[in-house]
């Protein structure tokens, strides 16, 4: 091996090492939890619904750039005046729900800016706490507490079933995240398809 071959081999080795360190550094930058802005979602039978998504990246293997991921959301749903079956009562409802799903992520080979996420279908959870169901006060005047409790429980379960498909659609968007950039360790920008997203870090980075 002559000097020129040695020089070329050395340059390639350094270039590979720098690329690996750069990818690892970028992956480390987005480790932790990030929260987005409220966004409109389509929930059947609702008049208005939003979801605020959070993503938590937890690296497992630095060499292969793999890790665990949890995606969660806080959902707010508004329902205009509705009548109950077999009754003349008309009411307006507000519903607060939470959802989550977990799985794994891996960065694209030689490019830590792009992430593939695979969520476990069995991990999807949607919860509507009856305490988070509210009704417009004026139409409920005179209702007895047992009636109100019954209406609340039925409403919570109904909306859990209606929200679940919307969450599956929402979370499935995050199967591929492109062009991740972390700014000042506290703001993460990325693209999904042709849509730009801005997430803020939750908590203090290590």
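When residue 124 is tested against (1) in contact with a helix residue (DSSP H, G or I) (Cβ under 6 Å, 6 or more places away or on another chain); (2) at pLDDT 85 or above, only condition (1) is not met.
When the stretch 165-180 is filtered for residues that are over 13 Å from residue 55 (Cβ atoms) and surrounded by 13 or more Cβ atoms within 10 Å (Cβ to Cβ), the ones remaining, listed by number, are 165, 166, 167, 168, 176, 178. Flag set for residue 43, criterion: at pLDDT 95 or above and either over 15 Å from the mean Cα position of the chain (by Cα) or not in a loop (DSSP other than H, G, I, E, B) (or both). Has the stretch 66-75 got any residue that is in contact with a strand residue (DSSP E or B) (Cβ under 8 Å, 6 or more places away or on another chain), at pLDDT 90 or above and farther than 20 Å from residue 174 by Cα? Scanning the stretch 66-75, I find no residue that is in contact with a strand residue (DSSP E or B) (Cβ under 8 Å, 6 or more places away or on another chain), at pLDDT 90 or above and farther than 20 Å from residue 174 by Cα, so the answer is no.
Looking across the stretch 46-80 at every residue that is assigned to a loop (DSSP other than H, G, I, E, B), out of contact with any helix residue (DSSP H, G or I) (no Cβ under 7 Å at 6 or more places or on another chain) and in contact (Cβ under 8 Å) with a residue 40 or more places away in the chain, the one that is surrounded by the most Cβ atoms within 10 Å (Cβ to Cβ) is identified as 46.
The values are calculated or read from the model by the stated rules, or taken from the named source; none is laboratory data. Given the structure is predicted, the values throughout are model-derived calculations rather than measurements. No Cβ is skipped: glycine too gets one built from the backbone with ideal geometry, and neighbour counts run over all protein chains shown.
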